[in-house]
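Take a look at the structure set out below.
The values are calculated or read from the model by the stated rules, or taken from the named source; none is laboratory data. Since this is a predicted model, take the numbers as computed values, not measurements. When we count neighbours, we look across all protein chains shown, and the Cβ atoms used for this are built from the backbone with ideal geometry, even at glycine.
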């Protein structure tokens with residue numbers, strides 16, 4: 001009986017493991033709980049999962065590209081050997097040509113030194129490597145509010161503190177970024193600011209893109225406030241190629257003509273396949289060695305075969321054609337979600353949402369007071385009664401920010417087909433109506 | 001003129017980047033310098049590179065396996081989607097059957113819970129994740145002397161201290177492990193010991209395997225000395241399947257019947273292909289969540305397509321047949337290096353070497369006083385005049401160990417063919433004779 005009330009007394013006589021502080025900070029990320037919820041509620045329609053649409057995945061293209069990469073025994077063997085830590089130069093040249101096409105061949109991009117390009121395991125590994133390279137515990141990172149919740153977890157694991165910057169329908173607000181920097185300076189902490197992080201296209205979770213006029217302004221602010229040391233801007237362009245309508249903006253990185261302040265993180269997970277885990281970073285040159293030193297400890301380079309396959313798909317032109325078809329597929333589902341939002345939520349007072357021009361997410365705000373968190377009545381009712389899941393918006397703000405909004409939801413049209421999207425939105429609207437009484 | 005003599009004054013007006021302490025500790029790993037030397041001396045015969053023999057790489061096998069994985073559109077799409085952070089359960093089941101075969105289907109291995117298996121990006125990622133999960137700066141890791149130099153770099157980057165344990169022709173010496181633990185205890189630092197690390201088969205660099213009788217003894221010591229907390233033993237079995245002759249030993253892990261003290265790290269990089277980057281860890285169950293939390297921040301799981309391909313190769317039986325042919329190829333090259341050592345070094349007084357039963361390395365000791373380091377006359381003469389490269393043995397000892405041996409060399413028969421191995425050894429013997437005068 002005593003054991004019942006004691007503090008998790010070990011049942012076994014095996015001495016306990018002592019974990020590192022780093023490990024303890026990395027524990028209990030929201031994504032684990034979400035995945036667990038998904039497993040425990042298999043009959044739910046998931047508007048939570050940020051997975052890509054399985055129907056977009058290029059089985060034939062990949063098979064054909066692997067065949068071409070492995071057709072010649074000698075070059076095939078090279079692809080099965082180790083590459084190099086940042087990926088071989090000839091492959092980075094192909095990836096640079098892909099970026100040049102995206103950037104409209106502007107800006108002397110074909111002169112971008114190949115040694116500023118590092119190929120990674122998805123762009124997620126790049127986000128982690130940048131964090132490890134820059135942050136000591138207690139250092140500061142400015143992030144859009146809301147922002148990508150997995151990156152908040154990465155910062156937390158590094159012991160870094162995320163400072164929220166107001167974001168509106170045009171993305172991160174330069175005026176608020178400056179206000180935050182001033183406040184940090186007045187606290188004497190400017191030297192602890194290492195990075196500004198933003199998802200610049202069809203933000204995860206907010207769906208908004210940073211408007212064209214704000215892009216150079218954000219860069220200018222980072223430059224201006226780099227006084228005793230350089231503050232970097234990490235532009236996460238993961239969703240850039242999931243463009244459905246509206247203008248195509250140049251990257252923030254493209255305004256940084258000396259390539260000294262912006263890190264551009266790209267991935268082929270959304271536009272091609274997450275299962276190949278190929279991502280790419282373009283880094284200020286002084287950052288390349290620290291990132292590669294860390295990456296060398298990690299893996300001596302990401303899967304070389306996969307880098308070869310994606311490069312082959314780019315070279316052949318298959319990639320561009322594939323992205324066009326992916327866009328067409330997602331556009332239909334984006335339309336389904338937006339139409340369903342209008343059909344099922346318009347008459348609920350105080351509900352608003354962002355209608356995105358790309359990406360995978362609709363960001364919805366409920367009336368203040370209707371909490372959406374894991375322990376809220378809405379989340380439980382939605383999952384258990386209506387069988388629909390979403391990502392609670394509060395996860396997308398720094399967890400130590402007491403005033404963070406708690407009545408928002410990230411709704412993904414990634415995995416569901418159009419009818420599943422519509423049905424999920426209907427169920428969710430019923431759950432919201434139920435909670436509102 | 002003043003600028004010439006000033007302390008690396010910045011030429012640009014861009015403020016400097018401030019890197020993390022972690023990043024500074026990860027800088028300047030020996031492997032970068034070695035790779036640089038390789039690039040700068042392209043006409044050298046490299047007995048340094050630990051790469052696998054390109055001729056062993058399974059181009060046709062891999063192509064056929066990819067074809068089978070992607071043949072069915074539905075399961076093909078699943079392989080191109082994200083897997084899970086530790087890899088999907090059905091794939092881990094296949095990898096468990098591979099391990100069971102290696103272990104001779106002993107020990108109830110088919111009852112090993114699948115959730116103690118984590119698939120990684122090579123085994124290198126596992127080494128890093130274990131290090132991150134366990135070590136705070138200042139914590140201690142006992143390592144064989146000599147040991148895998150990349151792991152020493154990983155420990156250094158974590159701020160951990162490596163304590164060398166004597167190793168002889170039977171591998172890590174239990175008596176010396178106990179002596180070191182006693183010394184640590186008497187300094188009041190036993191609580192800082194987190195791990196004992198050993199390459200248990202055909203060690204990189206020493207070529208020796210831990211003898212069968214020492215395997216349970218090392219485990220027992222780890223158990224005995226786990227007083228207030230558990231000390232783990234990390235068994236790096238990277239070379240296990242590169243077996244050419246002599247007995248096949250059970251893993252140390254197989255003696256740990258409760259699966260509580262030993263981490264088994266395996267990889268398909270040596271036996272199959274490093275370019276697919278598939279590795280596997282078997283962990284004590286309490287370690288699984290911390291490792292997966294860290295890995296989730298890193299990549300959400302390693303390349304799912306590649307895990308599917310290696311599992312398919314295992315299931316089909318192609319893997320076992322391939323490993324047989326790989327062993328045959330390396331055996332010839334091992335013989336070439338050992339024969340060349342006998343032919344060219346036997347008459348040089350004070351030179352000894354280990355003749356390995358597997359793996360990729362011959363470990364050679366020169367007469368005391370003949371230093372082998374990067375800045376030694378021997379290294380420079382060998383690289384520049386004789387055009388042959390090796391890994392200086394001193395890199396394989398903790399760099400803060402002042403009494404570390406400095407007259408040893410790791411010689412690899414990995415990349416060269418038999419005639420290149422012999423020619424490289426001839427050149428190296430001439431360089432040694434030159435230095436000895």
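Residue check: is residue A:104 on the phi > 0 side of the Ramachandran plot, in contact (Cβ under 8 Å) with a residue 60 or more places away in the chain, surrounded by fewer than 24 Cβ atoms within 10 Å (Cβ to Cβ) and within 20 Å of the chain's Cα centre (by Cα)? Considered against the rule, which asks whether it is on the phi > 0 side of the Ramachandran plot, in contact (Cβ under 8 Å) with a residue 60 or more places away in the chain, surrounded by fewer than 24 Cβ atoms within 10 Å (Cβ to Cβ) and within 20 Å of the chain's Cα centre (by Cα), residue A:104 comes out as no.
Residues in region A:37-59 that are touching a helix residue (DSSP H, G or I) at 6+ places or on another chain (Cβ under 8 Å) and free of Cβ contacts under 8 Å to residues at least 40 places away in the same chain: A:59 alone. Is it true that residue B:227 is in the same structural domain as residue B:104 (by TED's automatic domain parsing), assigned to a loop (DSSP other than H, G, I, E, B), farther than 20 Å from residue B:133 by Cβ and free of Cβ contacts under 8 Å to residues at least 60 places away in the same chain? Here the answer is yes, as residue B:227 does meet what is asked. Looking at A:119, A:80, A:91, which is the one that is crowded, with 24+ Cβ neighbours inside 10 Å, under 27 Å from residue A:193 (Cα atoms) and in contact with a helix residue (DSSP H, G or I) (Cβ under 7 Å, 6 or more places away or on another chain)? Within the list A:119, A:80, A:91, the selection yields A:119.
Annotation note: of A:142, A:127, A:134, A:177, the sole residue that is surrounded by 22 or more Cβ atoms within 10 Å (Cβ to Cβ), within 24 Å of residue A:29 (Cα to Cα), at pLDDT 95 or above and more than 10 Å from chain B (Cβ to nearest Cβ) is A:142. Give the residues of region A:108-122 that are within 10 Å of chain B (Cβ to nearest Cβ) and in contact with a strand residue (DSSP E or B) (Cβ under 6 Å, 6 or more places away or on another chain), sorted by residue number. A:120, A:122, listed by residue number.
Among the conditions (1) assigned to a loop (DSSP other than H, G, I, E, B); (2) touching a helix residue (DSSP H, G or I) at 6+ places or on another chain (Cβ under 6 Å); (3) closer than 27 Å to residue A:19 by Cβ, the only one that residue A:194 does not satisfy is (1). Residue A:166 fulfils the conditions (1) closer than 25 Å to residue A:358 by Cβ; (2) out of contact with any helix residue (DSSP H, G or I) (no Cβ under 6 Å at 6 or more places or on another chain); (3) not in a helix (DSSP H, G or I) except for a single criterion, (2).
The helices (runs of 4 or more DSSP H) falling completely within region B:7-95 that include 2 or more residues that are over 30 Å from residue B:160 (Cβ atoms) and either more than 21 Å from the chain's Cα centre (by Cα) or facing another protein chain (nearest Cβ under 8 Å) (or both) map to B:30-40, B:59-71, B:73-80.
In summary, helices (runs of 4 or more DSSP H) completely within region B:271-345 and bearing 1 or more residues that are under 21 Å from the mean Cα position of the chain (by Cα) and away from chain A (no Cβ under 13 Å) occur at B:318-345. Does residue B:74 satisfy the condition of being touching a helix residue (DSSP H, G or I) at 6+ places or on another chain (Cβ under 8 Å) and surrounded by fewer than 20 Cβ atoms within 10 Å (Cβ to Cβ)? Judged against the criteria, residue B:74 is not a match. Scanning region A:380-400 for residues that are touching a strand residue (DSSP E or B) at 6+ places or on another chain (Cβ under 6 Å) and either assigned by TED's automatic domain parsing to the domain that holds residue A:158 or under 21 Å from residue A:148 (Cβ atoms) (or both) returns A:389, A:390, A:391, A:393, A:397, A:398. Counting only residues that are in a loop (DSSP other than H, G, I, E, B) and surrounded by fewer than 17 Cβ atoms within 10 Å (Cβ to Cβ), region B:374-404 holds 7 of them. Of all residues in region A:145-163, those satisfying the criterion of being assigned to a loop (DSSP other than H, G, I, E, B) and within 14 Å of chain B (Cβ to nearest Cβ) are A:148, A:158, A:159, A:160. If you check A:218, A:233 for being within 19 Å of residue A:148 (Cβ to Cβ) and assigned to a helix (DSSP H, G or I), only one passes: A:218.
With respect to the conditions (1) touching a helix residue (DSSP H, G or I) at 6+ places or on another chain (Cβ under 8 Å); (2) outside any loop (DSSP other than H, G, I, E, B), residue A:210 falls short on a single one, namely (2). In region B:356-367, is there at least one residue being over 30 Å from residue B:57 (Cα atoms), crowded, with 21+ Cβ neighbours inside 10 Å and modelled with pLDDT of 95 or more? Yes, the conditions are met somewhere in region B:356-367. A count restricted to region B:244-270 and to residues that are farther than 28 Å from residue A:14 by Cβ, surrounded by 21 or more Cβ atoms within 10 Å (Cβ to Cβ) and touching a helix residue (DSSP H, G or I) at 6+ places or on another chain (Cβ under 7 Å) stands at 2.
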